[in-house]
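In what follows, a single structure is set out as structure tokens and then discussed.
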Amino acid sequence: MTLDVASIQAQFPLLQRKINGQRLVYLDSANTSQKPRVVIDAMTNFMETSYAPINRSAYQLAAEATEAFEHARKAVRRFINAPHADDVIFTKNATEGLNLVAYSWGRANLRAGDVVVLTQMEHHANIVPWHMLAAERGIELRWVPLTNDGQLDLTNLSSLLDGAKAFAFTAMSNVLGTITPVRQLCDAAHAAGALAIVDACQYVPHNVTDVQAWDADFVAFSSHKMCGPSGIGVLWGRQALLEGMPPFLGGGNMIADVRMDGFAPAELPAKFEAGTPPITEAIGLHAAIDFLEDLGMANVRRHEMEIATYAMDTLNERYGDDICLHGPTNVEVRGATFSFGFRNIHPHDLSQVLDQRNVCLRAGHHCVKPLMRLLNVNATARASFYLYNDQHDVDALADALDGASDIFGL
Amino acid sequence: MPGLEDLYREIILDHYRTPRNRGELPPPAAHAVGHNPLCGDEIDVYLQVDGDTITDVKVGGQGCSISQSSASMMSQAVKGRSVTEVRALVRRFKGMMSIEEELPEGERAPEVEVKLGDLEALQGVVKFPVRIKCATLAWNTLIEALAEATSA
Ligand SMILES: Cc1ncc(COP(=O)(O)O)c(C=O)c1O
């Protein structure tokens, strides 16, 4: 194994918890990840010693807090290889980042009949803001279809992109686990004169991210899926684009001046950070990034490829046709997130039965209803593995599935 | 932790495996579709109301064992009853699921006694709060279908 999972697990207090004397098998990290001790401690320590308003007051404590907050922004810049820290906007989560782009860039640049291209595996966070714009502005949405094994079908990409103003797509599907060819998609968007908007919410926690190598225009992700706290996310944008956009939310911190007859927005990044930001959360995100960089994102990726291989081998060997794993089988183009159907047992029932064995997995539509319709299911069960999961967790899942068959008499 | 045997009682699994009153009714029967936005489950309820009596009911859609068995038992329980009785039954059932609904201003609870019968088997669901929405989906859809039937 590439990572020393036992020592990693020991750093996650929650994973030490026992329920009914059994250990926890947490397989829902695509939903939200658990937090290592260093993140919890960094946040507690900050609140105990340095918590203060940022950007507002002259006293030393406030200056320290502001510096720590801006340090976090620099850590994000380094982590995703963004050219400037000022282009890193702190949001509430990926959803807010994508809404920011749709509202601010979209409202300023899109008119009736303009085309935005999405893919059929988008999360609702990268669909609904565009639907809202379609309802308001009459823009047209086009959809990149999928292949049978759950990859993007790029056969007609250039004709889909013809005349498009933006191409908004996921870097990794939260249902199928598919990793998309982001650089190729950005190039295709640019060749058509469209912006490339990347939903990297499932990608950043598991891979080395380089927004410049992607040549992307906007990239959104959430802290809570990458060992950081909930309540903070990131939107990175190309500087010239961010500068040309009107503000999103209005309020304190985002202004240079306010008069009775109007206002002038602040410079980046404050322009897009209205109100008091998630201060302690930024400190936590910084600690999460340090934690991930210590492990090495290339190692995290390699570990997840090993787990994904082991999971596919184990589940297919044990259950054959009784289990239907969705998404690609080639680990080069997938992460360790698996949606599956098992012996006609409804995912809700499955997750209930697995819960008796402390195996936590998600059942439902995963906020991806259009894709669910394509797969012709209402719901799937989803097991998602992260840096603190190992082969024992795969085995625990495989064992627990047997119990489900007993109850439903299958 | 409550045990699975509280949830998956034999009678529930029986209704799940062999759902009663599956199918559709053509118009003019009332029809309502209910969604559980959390899990994507869908239930169709078709109601034939003649005068004050529910003369036929059919259920379609798909979902987990709890939502499907609840729908199946619901269909058995409402067939042949009066609209007033059915409304009382819905209140009893929701009460069992610990959902107490306020009556609209000026309205009084109907003074009819309704027995839950087989439906009592779903009592264990309350111990699994996440599943309450599964159990009540068919009932909320029934209310919508009733509203359609009685407004026409
Ligand atoms: C692919 C993808 N995009 C966007 C989101 C939205 O993330 P958040 O809820 O943190 O805003 C998610 C979360 O599940 C996701 O998986």
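The values are calculated or read from the model by the stated rules, or taken from the named source; none is laboratory data. Note that this is a predicted model, so its numbers are computed, not measured. Using ideal geometry, Cβ is built from the backbone for each residue, glycine included, and neighbour counts are taken over all protein chains shown. The protein model used for the area step is the full one, side chains on, heavy atoms only, and it has no ligands, DNA or RNA in it. Shrake-Rupley method; radii C 1.70, N 1.55, O 1.52, S 1.80 Å.
Here A:Leu387 passes the criteria (1) in a helix (DSSP H, G or I); (2) in contact (Cβ under 8 Å) with a residue 24 or more places away in the chain; (3) more than 14 Å from chain B (Cβ to nearest Cβ) except the one numbered (1). When you check A:Arg77 against the structure, is it among the charged types (D, E, K, R), closer than 19 Å to A:Ile279 by Cα and assigned to a helix (DSSP H, G or I), yes or no? So A:Arg77 fits the description; yes. Against the criterion of being away from chain B (no Cβ under 14 Å), within 16 Å of the ligand (Cβ to nearest atom) and open to solvent by less than 50 Å² (accessible area, probe 1.4 Å), A:Gly138 does not qualify.
Applying the criterion of at least 1 residues that are among the acidic types (Asp, Glu) to the strands (runs of 3 or more DSSP E) found wholly in region B:1-107 leaves B:42-50, B:53-62. All of A:Leu154, A:Leu160 fail the test of being surrounded by fewer than 18 Cβ atoms within 10 Å (Cβ to Cβ) and modelled with pLDDT of 95 or more, apart from A:Leu154.
Would you confirm whether or not region B:30-47 contains a residue that is away from chain A (no Cβ under 14 Å) and either among the polar types (S, T, N, Q) or surrounded by fewer than 18 Cβ atoms within 10 Å (Cβ to Cβ) (or both)? The answer is no, given that none of the residues of region B:30-47 is away from chain A (no Cβ under 14 Å) and either among the polar types (S, T, N, Q) or surrounded by fewer than 18 Cβ atoms within 10 Å (Cβ to Cβ) (or both). Applying the criterion of being within 10 Å of another protein chain (Cβ to nearest Cβ), in contact with a Leu (Cβ under 7 Å, 6 or more places away or on another chain) and of a type in the set (A, V, I, L, M) to the residues of region A:346-366, the residue that is farthest from A:Tyr319 (Cα to Cα) is A:Ala363. Is there any pair with a first residue in region A:16-30 that is in contact (Cβ under 8 Å) with a residue 12 or more places away in the chain and a second that is in a helix (DSSP H, G or I) and within 16 Å of the ligand (Cβ to nearest atom) whose Cβ atoms are under 9 Å apart and which are 6 or more apart or on different chains, and what are they? If the second residue must be in a helix (DSSP H, G or I) and within 16 Å of the ligand (Cβ to nearest atom), the pairs left are A:Ser29/A:Lys225; A:Ala30/A:Lys225. The set of residues from region A:84-123 being under 22 Å from A:His71 (Cβ atoms), away from the ligand (no atom under 16 Å from the Cβ) and part of a helix (DSSP H, G or I) comprises A:Ala85, A:Asp86, A:Asp87. Scanning region B:69-98 for residues that are of a type in the set (Lys, Arg) and more than 12 Å from the chain's Cα centre (by Cα) yields one hit, B:Arg81.
Each row is one residue, and each column tells you yes or no for (1) away from chain B (no Cβ under 13 Å); (2) outside any strand (DSSP E or B); (3) open to solvent by less than 20 Å² (accessible area, probe 1.4 Å).
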| position | (1), (2), (3) |
| --- | --- |
| A:Leu371 | no, yes, yes |
| A:Asn378 | no, yes, no |
| A:Asp393 | yes, yes, yes |
| A:Ala396 | yes, yes, no |
